[in-house]
Every structure is written in structure tokens, then in C-alpha cells.
Amino acid sequence: MGQSEIDYSNPKEYLIGGITITGTSKVDKNAVLLLTGLSIGQQITVPGEDIADAIKNLWDQNLFSDISVSYDQIDGKKIHLTFYLVEQPRLSRYKLEGVSKSEADDIREKINLHKEKVITKNALVSSKHRIKKYLINKGYLNADVQIIQKEDEDFDNHIMLTIQVDKKEKVKVNDVIIHGNEKIKDNVLERAMKKTNAKELKNFFRTKKFLQEEYENDKVNLIDKYNEKGYR
């Protein structure tokens, strides 16, 4: 007796006679059982929301790349459930390419990557976003970041990451041009934007480096200037 005996057009109530968890090595099976919200002796409807909720609870943990369930035994009013799980790969190591040692140290502090971390798509997207944000604040507005995954043959279900960074050229400010200003003098606005470019005292004519963080601060200062004059 098994899965084929379930009539999906005619839900029935059963008592859970047993629950088997397979496919886990890093995640404790008892913890998985708790996460399902199911227990032996519990009355459930098959098919129904009980199993659907159990599967959703497991997906929400971001620990598994595949989840399925089967009804292996049906004995009168009792049913035995088996959950088949495939764990998400974990990180064994990673390296950064295309940046200096000091930049690599800074980036490592900003991204949440460490040994044995569960590697999900969201984890990779988040890491990439944080690296690009760091580079933008350094003036590399056009930087490209690629994360290459490779199976680690030395450890089962582990991957290695290579983070390739192409900083490209820094974006520099050649001039600040103001259009449409009628209420406040241009020199007042220019002073409010003074930190958008880093002035080099040693070489006054040197092209100024664009600083994204200071640019954002200058925009706030600029708005404050207008507010001081009563403009909203």
C-alpha cells in the first residue's frame, strides 16, 4: 500500500503512524521533524493543507534545494509519511580577485560569507550587492562583480566561490553645471556641493575624484539650503 492509493479528488482523514526523514547530513533529523509541525498520532487530511504547510515550513528555512513527500504505508486509518530532502550546498572557502589586499579585507568584513554557510541564491545576490556598494563608495561606479561557483571535490555537498571584481576606471568630476536655478545664487549651491569632488591641494588643477557617499550628503545639504530659504 502506498502513494498510488491516495485519491486526490477525495480527501480523507488519517492518523500519522510514522514520519521518516531522508537526505539530511548537516541538519538534524529531529530538528527537521519539528520544523514540519507534524507529529506521530496527529490527525491530518490527505490530500490537504497539513502536508502543504509542512513543506512550506521547510522551504522557509532556506536549508534545502529540493523537498518532496510520499505516503509509504496506509494501514486503515494510519498513514506513514516520508520526507525526501536535498540540502543546500555549503561554503567551504572563497577568494577575491581583482582587488588589493586591503580592499579584500574590507570586503570580507562587509559580506556575510563564512565556512559552512548555506549558499542560496539570495546569499549570492546579497554579497554581490554589498561588494558593488562598497566599490561605488570608492568611486568605482561602473564596477562589475561576478561570483563563480565550483563544487569542492574534497567535501561532499560543498562549493568554492571565486569572486571576480573588475573595478574599471574611477568616475571623476570634471565640472559641476547648474541648470534651472533662479532663487539661489550659483556660488551658494556650488559650496553646498563642495564635497562631491575631493579637492587635491597639492595639484589644484587635478581632476577631482567622484565620491558617491559625499555626493549623497551634498544632495541633503542642497535640499537644506532650499529649505532655509523657505522653498519646499
**Request:** Calculate, in nm to one decimal, what Thr45 and Thr162 gain on full extension: separation in residues at 0.36 nm each, minus their alpha carbon distance.
**Result:** 37.4 nm
**Fill in**
Two pseudo-spin positions, 7 Å from Cα along C-beta at Phe155 and at Lys115, lie apart in nanometres by 0.7 nm
**Item:** Share of carbon and sulfur in the accessible heavy-atom surface of region 48-146 [1.4 Å probe, %]
**Value:** 46 percent
**Prompt:** What length, rounded to one decimal in nm, is gained on full extension from Ser126 through to Asp106, with 0.36 nm per residue of separation minus their alpha-carbon distance?
**Reply:** 5.6 nm
**Cross-link pairs Lys95/Lys133; Lys101/Lys138; Lys56/Lys110; Lys101/Lys167; Lys117/Lys167; Lys101/Lys132 - those with Cα-Cα distance over 24 Å** = Lys56/Lys110; Lys117/Lys167
**Message:** Need one number: nm distance between label points at Ser9 and Thr22, each 7 Å from Cα along Cα→Cβ, rounded to one decimal.
**Reply:** 3.0 nm
**Item:** In Hz, Karplus ³J(HN,Hα) per residue of region 108-121 (6.51, -1.76, 1.60; θ = phi - 60°; x = Gly, Pro)
**Value:** 4, 6, 8, 9, 9, 10, 8, 4, 6, 5, 5, 9, 10, 4
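The values are calculated or read from the model by the stated rules, or taken from the named source; none is laboratory data. The model shown is predicted, which means the values in this text are computed figures rather than measured ones. Please note: Cβ atoms are built from the backbone with ideal geometry, for glycine as well, and neighbour counts cover all protein chains shown. Ligands, DNA and RNA are excluded from the accessible area calculation, which covers all protein heavy atoms including side chains. Shrake-Rupley method; radii C 1.70, N 1.55, O 1.52, S 1.80 Å.
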